[in-house]
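The values are calculated or read from the model by the stated rules, or taken from the named source; none is laboratory data. The model shown is predicted, which means the values in this text are computed figures rather than measured ones. In this analysis, Cβ positions are derived from the backbone assuming ideal geometry, glycine residues included, and neighbour counts consider all displayed protein chains. Note: areas computed on protein heavy atoms with side chains; ligands, DNA, RNA excluded. Shrake-Rupley method; radii C 1.70, N 1.55, O 1.52, S 1.80 Å.
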Protein chains: 2
Amino acid sequence: MARNDGRRRALGDAGLAILAREGARGLTHRAVDAEADVPVGTTSNYCRSRAQLVALLVARIGERLAPDPDVQAALAARAPDRDRFAAHVREIVARLTASRETTLALLELRLEAARRPEVAEALGGWMRDGFAGDVAFNAAAGLPGGAFEIALLHYAIDGLMLDRLTTSIDPGIDVDAAVDALVDRLLPESP
Amino acid sequence: MARNDGRRRALGDAGLAILAREGARGLTHRAVDAEADVPVGTTSNYCRSRAQLVALLVARIGERLAPDPDVQAALAARAPDRDRFAAHVREIVARLTASRETTLALLELRLEAARRPEVAEALGGWMRDGFAGDVAFNAAAGLPGGAFEIALLHYAIDGLMLDRLTTSIDPGIDVDAAVDALVDRLLPESP
């Protein structure tokens, strides 16, 4: 079981490297075998279909982008106000920026979702679960913003990441200053 | 000359169709020849390098996303306030949504820019010119928002389009309501 988990992680990492480097069209079971340096047919054993391969990659993105528990604990100890929430969002943006390959792979999968219903299903379910979790988290912690405001913030952060990881309209704009302004302006004053 | 312009447009349209359908990896001179149904070698005659092909596609995106002069004239006749600016942004979003293939092709090129410096150069120059034009337009028309605020709005609109054209975190959110809220909250009260 532990060995299987390690193998799954290795196949996931290989698939994400291919997505970031070549786009979704380069993603085949064979290409993942080669990238992970495992015998031909290994990826097919773990993922019978392309939909299963995509599901494995989505799960691996979730693992790779998971927050650092220490950082989260430090944030949770602060008063639940907009400053804390802004610190939380700055931490997410720093994580997405540092995980360049993962974030680019996720963007590639989103574009692939526009073409393939099975990708839209796997990725959409995970994204909507994450969004519902974000909305529930803010409500439970007494942090500002309902579903509508948090959706607006999601759009803006996605666009900011796209700007910084691909072509930027203005590389001189400070990322943290942009995040602070977005939180300040998009979320309501009181919860 | 007129015939050349028509041929360029046809090659551009073929390249954008390939980008939207298959991603950047499917984009080759040969594939554009086949998609445009022209003799093999035609695209190479017009675009000697891949960088020139990308430049042609960027120019074609600009043509395809150009605003309707009548709509622009009607907007320009209104008082320069946030309501007019919101109507302007709603019109842009409606245009990007209706031009699904073009907008997806643009997103594909942005991701390709993260991999290839020559794409980043062609696309980045066009995007920064457009952004500078937006900032100058608002300043000249007395509309609210400087470079920082307009950049925040760009990020948010890009993320909103990504949400609507690929996987959505909440398809129930009304696009026009989201645009109005973004303009209202991200741009300052007075110019």
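Within the set A:Ala147, A:Ala77, the sole residue that is open to solvent by 30 Å² or more (accessible area, probe 1.4 Å) and more than 14 Å from chain B (Cβ to nearest Cβ) turns out to be A:Ala77. A residue that is touching an Asp or Glu at 6+ places or on another chain (Cβ under 8 Å) and buried (at least 21 other Cβ atoms within 10 Å of the Cβ) occurs nowhere in segment B:28-40.
Against the numbered list (1) open to solvent by 60 Å² or more (accessible area, probe 1.4 Å); (2) free of Cβ contacts under 8 Å to residues at least 24 places away in the same chain, A:Trp126 comes up short only at (2). Evaluated against (1) more than 30 Å from B:Ala141 (Cα to Cα); (2) hydroxyl-bearing (Ser, Thr, Tyr); (3) in the same structural domain as B:Arg128 (by TED's automatic domain parsing), B:Thr43 falls short on exactly one condition, (3). For A:Ala113, are the conditions met, namely being crowded, with 22+ Cβ neighbours inside 10 Å, free of Cβ contacts under 8 Å to residues at least 60 places away in the same chain, within 14 Å of another protein chain (Cβ to nearest Cβ) and of a type outside the set (Lys, Arg)? Here the answer is yes, as A:Ala113 does meet what is asked.
Looking only at residues of segment A:166-183 that are open to solvent by 10 Å² or more (accessible area, probe 1.4 Å) and not in a loop (DSSP other than H, G, I, E, B), we find that the one that is farthest from the other protein chains (Cβ to nearest Cβ) is A:Asp176. For segment B:90-110, the set of residues classified as β-branched (Val, Ile, Thr) and either at the interface with chain A (Cβ under 8 Å from one of its Cβ atoms) or open to solvent by 60 Å² or more (accessible area, probe 1.4 Å) (or both) consists of B:Thr97 only. Screening B:Val175 with (1) among the hydrophobic types (A, V, I, L, M, F, W, C); (2) out of contact with any Asp or Glu (no Cβ under 6 Å at 6 or more places or on another chain); (3) at pLDDT below 95 gives one miss only, at (3).
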